[in-house]
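Comments concern the structure below.
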Amino acid sequence: MITPAESSLRSGAAGDAGRKIVVISAGLSVPSSTRLLADMLGEAAVDAIHERGQEAEVEVVELRPLAHALADHLLTGFPTGELKAAIEKVRRADGVVAVTPVFSASYSGLFKTFFDVLELGVLDGKPVVVAATAGTARHSLVLEHALRPLFSYLHAVVVPTGVFAASEDFGAAGGEQGTGDLAKRVNRAANELAALVAGPGDVPRPVAHRKTVDEEFASPTSFEDLLKAASDGPPEY
Amino acid sequence: MQFGIFTVGDVTTDPTTGKTPTEHERIKATVAIAKKAEDIGLDVFATGEHHNPPFIASNPTATLAYIGAQTERIILSTATTLITTTDPVLIAEDYAKIQHLTDGRVDLMMGRGNTGPVYPWFGKDIRQGINLAIENYALLRRLWTEDVVDWNGRFRTPLQGYTSTPRPLDGVAPFVWHGSIRSPEIAEQAAYYGDGFFHNHIFWPSSHTEAMVRLYRQRFEHYGHGTADQAIVGLGGQFFMRKNSQDAWNEFRPYFDNAPVYGHGPSLEDFTEATPLTVGSPQQVLERTLSFRDYVGDYQRQLFLLDHAGLPLKTVLEQLDLLGEILPTMRAEFDRVRKPGVPDAPTHASLVEKAGGAKDSTVYAAGDAATGTTDRDLDDPEVAKVLEGEL
């Protein structure tokens, strides 16, 4: 399902040496432990990509200032202003770090809303680190029971290590040893992301990609192919 | 350039009075609005098609035929006809019939429907929405352009030696527009056939309309129907105007805030900025409308949505009066700035002319197998003339 035109479109601006990591934080308070974890993951991802001999930069998408625009999007069906720019960043990202606080045994509603309004196809094949914060470690399986299925549904490639940080982990964050050490988990997830993001640029993505509307504008499906699809049966994904 | 209105036939409570029209009142109001549209000099009245409350827009062909009988000039159209869930054989019959009844004052716009369940209600699968639109329309065209059709497709029972009746008036099928808010595939379809492309231009930002129309124009040229500038483009739009701009804002705000589609969401200020909705004085509506061509190029049809969100009939008719006042200037200004070589929207008359003149397209039945006779008297001199091609 991947044409050359699509894959060049997917990998952002051709010839752009730097890898773009977009960190999405759904923290609500200032300062926010969710944002803190998001920044740790973002920096670690850049370091890990550098170690592989490539340039990288991080862009942060804070969802709190987008809350009203997200509600409007649910009602009108289109993004405005800053939200539109944030979605565009995710669309062009080579890798995504998604961090949410745990609310009522799952990701927060604000976090979910952002992914609800993303057009299908935007995350297809995109490497993603899932991460969450909460007051106690008792919430840690939210990564496996809520976030990982969400991103699987969206056809993202979720790295094996998810990073959960309870309040107490921030007290131990600077430690260099110990199996429960937060920094160690952050680095492991970042390395897994870098392995997917910092590979050779022209390798086809492992996941079949659903064309988004913008991609359809850039390279329209010919009417001949539309007629063929109409008579042949459902699409292959 | 053609100007007109389109309606979706929503039955919505007036938020300022709490009054909800009955279906009967809303259906009669639709007729009154269509007749008023002709009175103020508009060119097109188009109705939507919905099969669920709170709409009265089912059976659009009855509505259009009824209006057609009470008007003389206005073109009757749809916004939209559900090409996905309606049998194309019925569409072929219904709109050819209205062509005959109204002497060619009809065209139609294909669309895919407003709600998921409309697909299963009519035995279809929403996941096949685009495929249904593609295949059903391919059959519809053949039913209008070929007297005898053999058909084998995926979504309806096959046809063998089938003739859709009546044949299109003067041997010319109604002009077809394809409407889609967000599906580039439909712009591609319109371009492939050299049909018109209509963008709703109400719910989404103009930047999206621009991208859809650009794609349609490029592909229209690609398929050899003419230059991109010559593609046939229609736009929706909506406004609320009063002589005094602030009166318009005050009066329209409660309708906007409670509107079924975008109510309880963005502010009226944000929405008028993000989308083509214009609230203000007639001069402001005039200027905003003229600005549409800045991003879609010279286009052929402008339809406005006026009767929605619970606005009472009286208010809608007042809006039409105000539109009538600025209409001559709007026409003149669009004409003044139009680039040379941009065609008008096709009409029945222009399509007949392009086809080399009107011809009787009647398919006279051959003798049936049982009696070997037909319902035509071969000794009738008028019939003989037809057979010899004199009529």
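What follows is calculated from the coordinates using simple rules that are stated; it is not laboratory data. The shown structure was predicted, so the numbers you read here are calculated from the model rather than taken from an experiment. Counting neighbours? That spans all protein chains shown, and the Cβs are built from the backbone with ideal geometry, glycine included.
Listing for the model above:
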{"item": "Positive-pole candidate from B:H51, B:V31, B:S361, dipole of chain B, charges at beta carbon", "result": "B:H51"}
{"item": "Overall form of region A:45-109 per C-alpha gyration tensor (a/c, 1.5; a/b vs b/c)", "result": "oblate"}
{"item": "For region B:210-281 and region B:43-114, distance of Cα centres in Å", "result": "23 Å"}
{"item": "Cut-off of 10 Å, at most 14 other beta carbons, DSSP loop: longest stretch of chain B lacking such GluC sites (Glu not before Pro)", "result": "B:147-387"}
{"item": "Among B:L42, B:T61, B:T20 the positive-end extreme of the charge dipole of region B:1-63 (Cβ point charges)", "result": "B:T20"}
{"item": "Shape of region B:139-184, Cα gyration tensor, a/c cut at 1.5", "result": "oblate"}
{"item": "Largest-first principal axis extents of the Cα set of the protein assembly as shown (Å)", "result": "107, 61, 46"}
{"item": "Overall form of region A:18-206 per C-alpha gyration tensor (a/c, 1.5; a/b vs b/c)", "result": "oblate"}
{"item": "Volume per residue of the C-alpha convex hull in region B:174-293, rounded to whole Å³", "result": "111 Å³"}
{"item": "About the Cα centre, charge dipole magnitude for chain B (Lys/Arg +1, Asp/Glu -1 at Cβ), debye", "result": "920 debye"}
{"item": "21 Å Cα-Cα threshold exceeded, pairs from B:K35/B:K314; A:K228/B:K97; A:K89/A:K112; A:K211/B:K124; A:K126/A:K228", "result": "A:K228/B:K97; A:K211/B:K124; A:K126/A:K228"}
{"item": "Helix B:245-257 axis, angle to chain B major axis (alpha carbon atoms, nearest 10°)", "result": "70 degrees"}
{"item": "Per-q log10 I(q)/I(0), region B:68-178, q = 0.11, 0.13, 0.16 Å⁻¹ (Debye; single scatterer per alpha-carbon; no solvent)", "result": "-0.36, -0.49, -0.73"}
{"item": "Taking region A:18-206 and dividing mean pair separation by its residue count, relative contact order in percent (alpha carbons under 8 Å, at least six apart)", "result": "25 percent"}
{"item": "GluC sites (Glu not before Pro) within region A:39-114, DSSP loop, no more than 16 other Cβ atoms inside 10 Å", "result": "A:E55"}
{"item": "Calculated P(r) of region B:2-359 - Cα pairs past 33 Å, %", "result": "25 percent"}
